[in-house]
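One structure is given below, encoded as C-alpha cells.
The values are calculated or read from the model by the stated rules, or taken from the named source; none is laboratory data. Model, not experiment: these values are computed from the prediction. Here the Cβ positions follow ideal geometry from the backbone for every residue, glycine too, while neighbour counts run over all protein chains shown.
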Amino acid sequence: MCKEEIRIEINVNNNKTNILRIGNTDYISLTDLAKYANPEDPSGVIKNWMPSKNSFDFYSLWEELINENFNSVELHRIKIDEVLYNRFTMTPNKWKLCVFYL
C-alpha cells in the first residue's frame, strides 16, 4: 500500500520551511532549518553538524526507527570502522549510503 505524500510550505519568521507529510508523519526540511543559521550556505551548517557523535547517534536512531529501507549493515560498518576514531567525518553524500539499500 502506497502512502499519500503531501507537500506543505509554511512561513516561519519570513523564511519558507518545507514540510513533507507521508501518511501520518511530518518531515521538516533540514536544509530549510539550516538556512536560519546561514542563508547563503545551509549545506555548511549541515556538514558541521553531521560529524558530531551525538548528532550521528540521533540521526542513526531516527532512521533505524522510521526508515524501513534503512541500510543497517552500512551503519554498523561506519560505527565499527569510523565513529570510534578521530578520523570520523560524516557528510550528506556518505549518509545516503545508509538511508536506503542500493
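Return the pair list, or none, for Cβ contacts closer than 8 Å from residues in segment 25-40 that are touching a residue at least 12 places away in the same chain (Cβ under 8 Å) to residues that are of a type in the set (Ser, Thr, Tyr), at least 6 apart or on different chains.
Note: pairs meeting the criteria are 29/17; 31/43; 32/17; 33/17; 34/43.
Please enumerate the residues belonging to segment 54-67 that are of a type outside the set (A, V, I, L, M) and either over 15 Å from the mean Cα position of the chain (by Cα) or part of a helix (DSSP H, G or I) (or both).
54, 55, 56, 57, 58, 59, 60, 62, 63, 64
Mind counting the residues in segment 32-68 that are in contact with a strand residue (DSSP E or B) (Cβ under 9 Å, 6 or more places away or on another chain) and at pLDDT below 85?
Adding up the residues that qualify gives 1.
Looking only at segment 41-58, count every residue that is in contact (Cβ under 8 Å) with a residue 24 or more places away in the chain and buried (at least 17 other Cβ atoms within 10 Å of the Cβ) and tell me the total.
So the count comes out to 3.
Can you tell me which condition residue 80 does not meet? The list is (1) of a type outside the set (D, E, K, R); (2) in contact with a helix residue (DSSP H, G or I) (Cβ under 7 Å, 6 or more places away or on another chain); (3) free of Cβ contacts under 8 Å to residues at least 12 places away in the same chain, and all the others hold.
With (1) of a type outside the set (D, E, K, R); (2) in contact with a helix residue (DSSP H, G or I) (Cβ under 7 Å, 6 or more places away or on another chain); (3) free of Cβ contacts under 8 Å to residues at least 12 places away in the same chain applied to residue 80, the lone miss is (2).
Looking at (1) outside any loop (DSSP other than H, G, I, E, B); (2) closer than 15 Å to residue 96 by Cα, can you tell me which one residue 51 breaks?
Of the numbered conditions (1) outside any loop (DSSP other than H, G, I, E, B); (2) closer than 15 Å to residue 96 by Cα, the odd one out for residue 51 is (1).
Take the residues in segment 22-48 that are in a helix (DSSP H, G or I) and β-branched (Val, Ile, Thr), then tell me which one is nearest to residue 90 (Cα to Cα).
Residue satisfying both the conditions and the ranking: 46.
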